[in-house]
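For reference, the structure discussed in these notes is given below.
The values are calculated or read from the model by the stated rules, or taken from the named source; none is laboratory data. Computed from a predicted model, the values in this text were never measured in an experiment. Reconstructed Cβ throughout: ideal geometry from the backbone, glycine too, with neighbour counts over all protein chains shown. Accessible surface areas use protein heavy atoms only, side chains included; no ligands, DNA or RNA. Shrake-Rupley method; radii C 1.70, N 1.55, O 1.52, S 1.80 Å.
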Amino acid sequence: MEEKAELVKCLEEKIDSGKATVHRLKPAGKVDGVEKLTRKIQQEIKFLEKVQSTGNVKKEHLQSTNLIHLNAIVVRLFCANEPTNVMKPFKYQKSRLEVDIVCNGGASWIKVIARNARALTLISMGNGEYGQKSVLDQAVSYLQCAKCHPHLYRPPDVIFHFAYGIEIPLASRLEHMGVIVEGDRIQSEDDKSTDIYETDDKFSAWMYTLGSMDEPLDKYKESIHSDLETLNTSSLATEINILNLDVSTLLAYVTNMTNGYDHFIYREPLLTQQAEMERKRPVKPILEKLFKEKELIVCQTAYENFMNIIDVIGGPKETARAKELLSRVRIVNNLPTGRIVEKLSLGGKIKDRSRLVFATGENTKSITVSANEGFVRAARMQGIECTVFLHEPRSLSEIKEGYATKINSF
């Protein structure tokens with residue numbers, strides 16, 4: 001009877017803890033994925049409440065609940081710098097990998113592990129259940145997946161957060177693989193566990209999978225952080241000095257609308273709407289600030305499309321501005337290779353021209369500047385994150401002014 005009373009008490013504590021966690025999450029509601037996390041916690045609470053109502057509480061009910069892991073994610077989330085996503089899925093091989101927390105603006109992935117430190121070591125030494133993945137297996141998956149989803153051309157840092165600590169030999173192995181380890185370091189219970197480096201023959205296979213058989217482990221760790229040789233990885237956002245200008249950006253820069261002629265109501269509702277947006281949020285100052293001290297490039301396809309538009313519907317002032325802008329840019333060949341061309345299927349918002357522009361940006365390790373939000377969203381839906389600076393669209397307007405109604409420009 002005493003044991004049952006203790007189980008009931010533990011059950012009540014877990015339910016109360018879950019409800020407190022849901023309440024705690026409310027301020028973080030703007031982070032993408034928090035609603036999903038909240039729903040998962042509520043599902044666990046609902047299950048435990050159902051068990052509570054039957055009065056037939058068993059030890060297995062408390063052991064099988066996922067609340068411990070979910071609570072640990074919440075605790076780590078509130079310590080994260082610039083969290084952008086929670087429980088975010090990424091395409092990986094023929095399946096997907098779910099990252100508990102994406103933070104540092106997208107530059108870091110955190111996996112939260114809320115298991116007994118000794119059990120983690122034993123599983124990593126091959127003493128787990130059949131088919132059970134160890135944290136070493138998970139590390140391989142995370143590191144490979146991170147390479148497929150670079151942030152500013154660099155794989156996100158992979159951080160494993162051990163809520164209940166990690167034994168020192170296992171922590172060392174993970175760090176050699178390139179994982180950043182968080183959590184209390186615990187001395188191994190016996191000397192045998194320190195042989196983790198020697199006991200698993202699978203390690204060679206793992207290293208082969210990672211493509212690092214011919215280089216030492218510390219070399220592999222360095223390679224994860226050196227995909228962009230020319231960039232200072234401590235300030236990536238400001239150190240990318242090449243801007244790849246999309247057609248939409250070229251148009252927005254030279255149109256009369258962004259150069260002092262935004263006080264019109266046009267026959268075309270779209271132009272009128274853009275003019276209203278321009279009066280509230282001028283685009284040219286944003287682009288001027290962005291362009292400052294940067295190298296500007298335009299791929300051949302974007303250049304040809306831009307010039308065709310200028311030739312057909314560009315006014316005299318817009319044509320002059322186009323000539324001046326193009327004198328400041330470097331025209332580069334299209335670079336139709338890499339993941340954007342190979343993995344993005346054409347259709348919907350994914351047009352061939354846009355795919356070429358963004359692929360060129362990817363291959364020149366530049367930031368693509370564009371108003372093509374539709375392409376970026378569609379690419380994200382297909383598992384591709386673009387390195388892009390998005391701004392509002394602005395169309396050529398000079399010729400249309402002749403048929404427009406002028407309004408007061410206060």
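Among the helices (runs of 4 or more DSSP H) confined to region 312-385, the ones with at least 1 residues that are under 22 Å from Lys147 (Cβ atoms) are located at 339-343, 352-363, 373-381.
The criterion of at least 2 residues that are open to solvent by 10 Å² or more (accessible area, probe 1.4 Å), in contact (Cβ under 8 Å) with a residue 12 or more places away in the chain and farther than 23 Å from Gly183 by Cα is met by the following strands (runs of 3 or more DSSP E) wholly inside region 17-122: 85-92.
Cβ-Cβ distances below 9 Å connect the following pairs, each with a first residue in region 378-398 that is within 21 Å of Asn363 (Cα to Cα), a second residue that is of a type in the set (D, E, K, R) and open to solvent by less than 40 Å² (accessible area, probe 1.4 Å), and a separation of six or more residues or different chains: Ala379/Arg355; Ile384/Arg339; Cys386/Glu362; Thr387/Glu362; Val388/Asp246.
Each residue in region 296-326 was checked for being more than 22 Å from Met257 (Cβ to Cβ) and either open to solvent by 60 Å² or more (accessible area, probe 1.4 Å) or not hydroxyl-bearing (Ser, Thr, Tyr) (or both), and 4 pass.
Set side by side, the residues Thr368, Thr319, Thr301 differ, and just one is among the β-branched types (Val, Ile, Thr) and under 24 Å from Glu239 (Cβ atoms), which is Thr368. Just a yes or no: is a residue in region 325-333 modelled with pLDDT of 90 or more, over 23 Å from Leu287 (Cβ atoms) and not β-branched (Val, Ile, Thr)? Checked region 325-333: at least one residue is modelled with pLDDT of 90 or more, over 23 Å from Leu287 (Cβ atoms) and not β-branched (Val, Ile, Thr).
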